[in-house]
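None of the figures in this text is laboratory data; all of them are computed from the coordinates on show. Not measured: the values here are computed from a predicted model. Every residue, glycine among them, receives a Cβ derived from its backbone with ideal geometry; neighbour counts consider all protein chains shown.
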Amino acid sequence: MDIGTVVQLAAATEPGSDGAWPVLLLAALGYAVSYAISIRLHPYRPCRRCGESGKHRGAIFTRSFRDCRRCGGTGRELRLFARER
């Protein structure tokens, strides 16, 4: 009995071995490619700290404001894995 036959017998007797891993691998690859295209087309997202306003409001004097430190007053920030152009 050679090693190939042993592997085939082990795979056939293993519970739940229906060959779903290639499908999962293709799905993960498809997701990664689509996310890379999405990052390239839309590298920014709304700033979570200032709520896309670009302003940091004062706690006591709520009409006063300054630029948000996280986004620099732009109201947007880079998404995960995006690069500045």
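Annotations for the structure displayed:
- A search for C-beta distances below 6 Å between a residue of the range 69-85 that is under 22 Å from LYS55 (Cα atoms) and any residue that is in a strand (DSSP E or B) and among the hydrophobic types (A, V, I, L, M, F, W, C), counting only pairs 6+ apart in sequence or on different chains, returns nothing.
- Residues of the range 36-50 that turn out to be under 23 Å from GLY75 (Cβ atoms) and without any contact (Cβ under 8 Å) to a residue 24 or more places away in the chain, as a count: 4
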